[in-house]
Each structure stands twice: as C-alpha cells, then as structure tokens.
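Below is one structure, written out as structure tokens, with a few remarks after it.
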Amino acid sequence: MPIDPDHYINREISWLEFNQRVLDQALDDSIPLLERLKFLAITSSNLDEFFMVRVGGLRLQMRAGAASTDPSGMTVSEQLEAIYGRTASMLQCQYEAYLQVIEPSLAQHGIQRVHVANSSVRHQEVAKQIFEDEIFAVLSPMGVDSGSEFPLLQARALYVCVQLAVPDEDPAFRFAVIPIGKAIPRVLTLPTDQGFSFAFLEELVSSYVAEFFPGEEVLGTASFRITRNADVSLQEDSASDLLHGMKAMLQQRKTADCVRLEIDRDAPAEMIQFLQTNLEIGDRETARLPTPLDLSVLMHLSGIEGFDHLRNEPWPPQASPLIDPTQSMFATIAQRDVMLCHPYESFQPVVRLIEEAADDPDVLAIKQTLYRTSRDSAIVSALRRAGERGKYVTAVVELKARFDEARNIEWAQELEEAGVQVIYGVKHLKTHAKVCIIVRREPQGIVRYMHFGTGNYNESTAHLYSDMSLLTCDDELGKDASAFFNAITGYSQPQQYHQLEAAPLGLRKKLLSLIDAEIERKKQGQRASIAAKLNALVDPSLIDALYRASMAGVTVQLNIRGICCLRPGIPGLSENITVVSIVDRLLEHARLVYFHHGGDELAFISSADWMPRNLDKRLELLVPVSDPTCKKRLVSILSAYFQDNCHAWKLQPDGTYQRNQQQDNALRSQAVLYQAAVDAIRQAEQKRRTLFEPHQPAARASSKP
C-alpha cells in the first residue's frame, strides 16, 4: 500500500497532544492538588526533552537542507513551524493552570508563595537575611559586554540577566549574567505561623541584585534559561574507544546550538535582543513567559511534608501470592512461570533473584542487560558482588541510553573493576532489550533461570511505571536467550530463534506475519482480533498492515500511551480500529501484544514500541507468554485497559483526543489492577491461615530444590 499522507498523523504533533493530555491532568479537579502540581511539573520536563531531541534533530535536518517529508506529508520547515506554534499555546495553558488555578488553590490550603517585593516586613527581613547569609557569598555575576566573548551558558540552567546603566556611553547600558546554579535550593522556605511559605531563589536574587553591583544603577533584571540541541550523534566508526567517544559526545552537548530561549515576559526589549543575538536565535524560538520559569521546579513542592490530604492515597506494591518469601527464587521459578504486574506487584522479586544469584555457590554465570538503572542500584551491586566472587558475569551496559550516558559510564567502570565482563552495547545499535539469564548447576544438570521485562532494571522507576515481568526457566526460552546474548557479546551471526523474536532482524517481519495471519483467518470466515498496548506507534509498514487488517474486518484495539501516527475510524480504511490512551497516576510503560489466532491465543510482552528506531536501530525482544495461567492474566490486564472509562482518551480520525468518561459504572484500569493485586495476596494469606500443615519426620519430608 503506497503511503498516503492523509492516512498519517505527524509524530511531533502527536507527541505534543500526549503532553497536552498530561497537562489536562493538572486541570482535573478530581485529582488531589499536589498530584496536579506534579503533572504540571512533568509536562515542563517533557517539553525540555522534546526540544533537546526532536526539535534539535529537525533543526539539524533543516540546516543540512533536507527536502524530504514525513509520512504525513510535512516538510521539516512545516514541522518546526507547527511545533513552535503548538508549544506556544501549550505554554500559555501551563501558566494559566499554575497562576490562575493551582497556585491560588495551594494558597487556600496553606501553601503560600511569597513575592518578596510586596511581602510583609517579617518576610522581607528573613529574605534579606537569607540573601546575605546563603546567596551573596555563593553566586557570582559574569560580565557579558558586547565587545567580549559571550560566556558558555549551561543548558536548562537558570540565570538572572541584569541591565546596568553606563552613563556617557553609547549604548548607555551594559549586561551581566548571574548563574543561579544548584548549590542553593531553588525553593526557599520562609517562616510562617501555619502551613508552608516559600519563595523562589531567582526572585530573591532579583530583589537584592544591587548588592552585586555597588555604586551602579540597575535598570532591569529578568530570569532566563536556554535549551540546547541534545541530538548529538556519536560517530562510532571513528571512535575506537567507545567510552572515550561517549565522554566526548557529552562534552559536545554542552556547546550545541541553542534551540529555545525562555525569558521573563517583563524583560527589557534591549535585554531580549542582546540574548537573541548572542545565542543566535530569533523571536520564534523565544518564549516570553511569566515567572517562575521551568515549572519542573514544582516537583519539589509536590513532595513537601504535612499535606498528605492533598495527595493520592498510597498504593504500596503488593507481594505476589506466587512467591513464597521463605523459599528461594530458584525453587519458586522451578515450580511455575511467574508473571508480575508492576508497580501493583513489587519489583523486589526481580532484585531478589539477582541478589540470590550473586550469593548462591551453585550459580555459575549471570548475563544481564542494563539500559537505565537507579542511582543506588541493588542490582548493579549484586552484579559487582558476583563478579568479585568469581562468577562469570556479563553485563551489557548501554552507554548510548540518552541522558543516562554519564551514569552508565560510571556503572560500567565500577563493574569492570569488580571483574565483570562489560560490553558497551553494540556498534550502531542500542541494546534496549530487558533480559537477565542466570545459569545454575543443579542435580539434574544446568538450568537457566530468566527474567524478561518491559521496563528497565531500575528499582526507582519500578514504583512509578506500569510494566510487566516474566520469570521462567523454560528450556526453549533459555536456549534463545543464550543465543541472543552470544550474538551481542561474541560478534556472532544471530541464530534462528525458536520462541523469542528480536529486532533489528526479525521483529517487524514477525509482527507483520502475525497480522497477516489474522487477516487470512478473517477472510476464511473465522473470528479475528488484534490488541496491542504500546507507548508509540509510528512505523509505516505496521500501520499499513493494521489498515489492511481493518479493511478485512479484523477487530483492532490499540492502547497507545503517547505518539500514534495511525488515524482510526476512517471509513473504508480504519473503521475497525480503535485507539485509546491511558493517562493516570502511573506512567503506562508496558508493551503487550495479543492475537486471537483462531482461538489458540498468542500473547507477548516486549521491550519494543512499534517505531522505526526500535525495529531497525535497537536490539529488542518479543517474548511469548505460553504458560496458560500467565497468558490468561495478561489477556485480562489488556482487557482492563480497554474498558477504562475514567482516564482513557479516545483518538479521533483528525488526530484530536476525546476523554472517555462515565459517571455510571466507572472503571479505572489502574485502580482495578491495583485492587486485583491487593485481593490476590489477601486471598492467599487467608488460604494459608486455613490450611493445616502437619509436621513430618525428617526422613519423610519432601525435598525441595
């Protein structure tokens, strides 16, 4: 099917609409106030990354004179124009939400922002004291005279620009820049009889800025920040030492082109022009905004103590009823496959499996991929300990994981020092698959215990992201997993897999064949259906295959959290396709795929979204869930998402989204999944309390592995 631009939604605009859905959570008064503040902060940090990567990449294409269009028919120039226009309205919505709705509501609940210039005498005295004791000695202004070289400004850092009078000269002013830095908290606590009062650091700097320039007249001040292009690629063919090359690339990001200037809307015109000239950007790339700039700072406020009534009711991760804490993880997995739904069920069994492997004398080898990890990673500590104890440990540490490069470099060096065989990913590909293999010597021979996941080995985000884990010792999966690792680590030719499928070689082909099989069954008069839960759907070949399925009468249900370039509901093309997006308190991250397959249902978990980058430029895995109990549970989880009528947004043919809300028979999928985890462990505990287990003589006791 040839590409018809009318059949595709531009991926950048689709992503911006996803960020708008996150922003809409901040405007939902059914959500607790501090949670709404958190959503507002998330939209701001999301936009930062979008400008660094996507806008930065498009600007590079434009500079290179790229004349191609995307599948929706938009040129690079048209995409940039649309992005800057859409983000301008989004920023306006952000600040209206904060200044007109959320900040006044916070004040009503005792969380009060103090504006130093018009605050009480008491607050002004305290603010002046904080400035003199904590700020003045730390911060240092930089002169930025037009005749000297403009200083290197850090991306996403906050600055205060100062305009100073210079009598009898033309122009009769000069500029200085004060880096705010990170040594002093940006949110400063001020005294209050009740509640919580705070001021922003940059406001104190502006209020007392004259202290930095004794004897000079201050004409004006304004806070500002810049965003630099982070779409800096590594030329791997010329980097014989990848570690050295990555460090050089991180340095290159610090001097990359500016793609956005955010500045106080009250900044003097001469100041804006001065910054634009030196940063080499124009009005389109300049956002004049109310203060505070960078609303991600509000994440700090969302965590202040003493206001639990303004937060969600806690959902502590539940233990899995299939995992006996008194039994080793190896014994548990040997009995059955275990599927975990995070964060409703704890990620701790995965950590525990790797920790037990590090300490178990019967474990011979551990093979693990690491894409993103937490700062104090228990998993990395276990791998390091295993290496120090002489086990054969291989860690594929992906140094090219964007914005986690520095941390991964540090982990890689620490693991190497502990005797771990570290592979710095694969040339020209990112290793995004989530897999761990533990090779154990047992009486019956060598057994491979495995973890496959949809999310990273990151204990921190495992509390915030909705993901799936599969723990198994299935022999066929074990052979495939070992072959996958050998291909990565040994420069060997990838083998034909029996159960797994991997990108970049066979994953797209496998998905296309599964879609075509459903089409063929429908043509034969059988029931046919496809369901998929993904973070993004961009790949044109898969989109076209889904269109063919719809035209053949196959029912296609898609749950796409973020970018979706497919247009559902178009008569004659996609009327059998529905697309929903769940935006709720947890970040939907799991990739789940289902095919009816003539009643012999096929279900998979995957690390891969359906995007060209995942299918062509990354090492990804599609993992079948064959155990009947696990498969049934996965299908029920998918079903819950498609029944959501509280936090689901339905994609319309024109690319807009409509909220699917019902007052009656409300079903919130995340709440349903959490309650299911609570009920499962409660029922298991009740069953254990009513089960009489006799003590048996040692000779008659059953042996367990």
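General remarks:
- Of all residues making up the stretch 621-659, the number that are farther than 23 Å from Tyr8 by Cα, in contact with an Asp or Glu (Cβ under 9 Å, 6 or more places away or on another chain) and not in a helix (DSSP H, G or I): 10
- Qualifying residues in the stretch 555-591 (those that are among the charged types (D, E, K, R) and either within 15 Å of Ile9 (Cβ to Cβ) or touching a residue at least 40 places away in the same chain (Cβ under 8 Å) (or both)) - the one surrounded by the most Cβ atoms within 10 Å (Cβ to Cβ): Arg591
- Of the strands (runs of 3 or more DSSP E) that lie entirely inside the stretch 405-503, those containing 2 or more residues that are among the aromatic types (Phe, Trp, Tyr) and assigned by TED's automatic domain parsing to the domain that holds Val351 span 445-453.
- From Ala545, Ala502, Ala552, residue being in contact (Cβ under 8 Å) with a residue 60 or more places away in the chain and not β-branched (Val, Ile, Thr): Ala502
- Across the stretch 102-117, not a single residue is classified as under 30 Å from Met611 (Cα atoms) and surrounded by 17 or more Cβ atoms within 10 Å (Cβ to Cβ).
- Within the stretch 297-305, one or more residues are at pLDDT below 95, over 23 Å from the mean Cα position of the chain (by Cα) and closer than 30 Å to Gly110 by Cα.
- Arg122 vs. criteria in contact (Cβ under 8 Å) with a residue 40 or more places away in the chain, of a type in the set (D, E, K, R), out of contact with any Gly (no Cβ under 9 Å at 6 or more places or on another chain) and farther than 30 Å from Glu280 by Cα: yes
- Residue ID - nearest to Pro568 (Cα to Cα), chosen from residues in the stretch 660-677 that are of a type outside the set (A, V, I, L, M) and in a loop (DSSP other than H, G, I, E, B): Gln661
- Filtered by the rule that a residue be buried (at least 18 other Cβ atoms within 10 Å of the Cβ) and over 23 Å from Ser296 (Cα atoms), the stretch 144-172 gives Val144, Val162, Gln163, Leu164.
- Residue match in the stretch 447-459 (condition: crowded, with 16+ Cβ neighbours inside 10 Å and free of Cβ contacts under 8 Å to residues at least 40 places away in the same chain): yes
- Remark: Ile184 matches the filter, which requires a residue to be within 37 Å of the chain's Cα centre (by Cα), over 22 Å from Arg265 (Cα atoms) and assigned by TED's automatic domain parsing to the domain that holds Ala230.
- Residue in the stretch 307-354 that is surrounded by the most Cβ atoms within 10 Å (Cβ to Cβ), counting only those that are charged (D, E, K, R) and within 25 Å of Ala386 (Cβ to Cβ): Asp337
- Candidate set: the stretch 626-661, residues that are under 17 Å from Leu566 (Cα atoms) and more than 24 Å from the chain's Cα centre (by Cα); chosen: the one surrounded by the fewest Cβ atoms within 10 Å (Cβ to Cβ): Asp654
- Scanning the stretch 341-398 for residues that are touching a Gly at 6+ places or on another chain (Cβ under 8 Å) and outside any helix (DSSP H, G or I) gives His342, Gly390, Val393, Val396, Val397, Glu398.
- Identity of the residue in the stretch 324-341, modelled with pLDDT under 95 and not polar (S, T, N, Q), that ends up farthest from Arg186 (Cα to Cα): Asp324
- Qualifying residue in the stretch 186-203 (condition: part of a strand (DSSP E or B) and among the charged types (D, E, K, R)): no
For (1) assigned to a strand (DSSP E or B); (2) in contact with a Ser or Thr (Cβ under 7 Å, 6 or more places away or on another chain); (3) within 21 Å of Asp644 (Cβ to Cβ), each residue gets a yes or a no:
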| position | (1), (2), (3) |
| --- | --- |
| Asp544 | no, no, no |
| Arg548 | no, no, no |
| Gly553 | no, no, no |
| Val556 | yes, yes, yes |
| Pro568 | no, yes, yes |
| Gly572 | no, no, no |
| Glu575 | no, yes, no |
| Ser581 | yes, no, yes |
| Asp584 | no, no, yes |
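- Selected residue (criterion: surrounded by the fewest Cβ atoms within 10 Å (Cβ to Cβ)) from residues of the stretch 662-689 that are small (Gly, Ala, Ser) and within 30 Å of Asp324 (Cβ to Cβ): Ala684
- Figure legend. Inter-residue proximity from the stretch 38-64: first residues among the aromatic types (Phe, Trp, Tyr), second residues not in a helix (DSSP H, G or I), beta-carbon distance below 7 Å, spacing 6+ or different chains. Indicated pairs: Phe51/Thr227; Phe51/Val259; Phe51/Arg260.
- Test: Arg36 is in a helix (DSSP H, G or I), of a type in the set (Lys, Arg) and surrounded by fewer than 21 Cβ atoms within 10 Å (Cβ to Cβ): no
- Filtered residues of the stretch 39-57 (kept if closer than 26 Å to Leu542 by Cβ and buried (at least 21 other Cβ atoms within 10 Å of the Cβ)): Val55
- Every condition in (1) out of contact with any helix residue (DSSP H, G or I) (no Cβ under 8 Å at 6 or more places or on another chain); (2) modelled with pLDDT of 95 or more; (3) of a type in the set (Lys, Arg) is met by Arg288 except one, and the failing one is (1).
The values are calculated or read from the model by the stated rules, or taken from the named source; none is laboratory data. All values reported here derive from a predicted model rather than from experimental measurement. Positions of Cβ are backbone-derived with ideal geometry, glycine not excepted, and every protein chain shown enters the neighbour counts.
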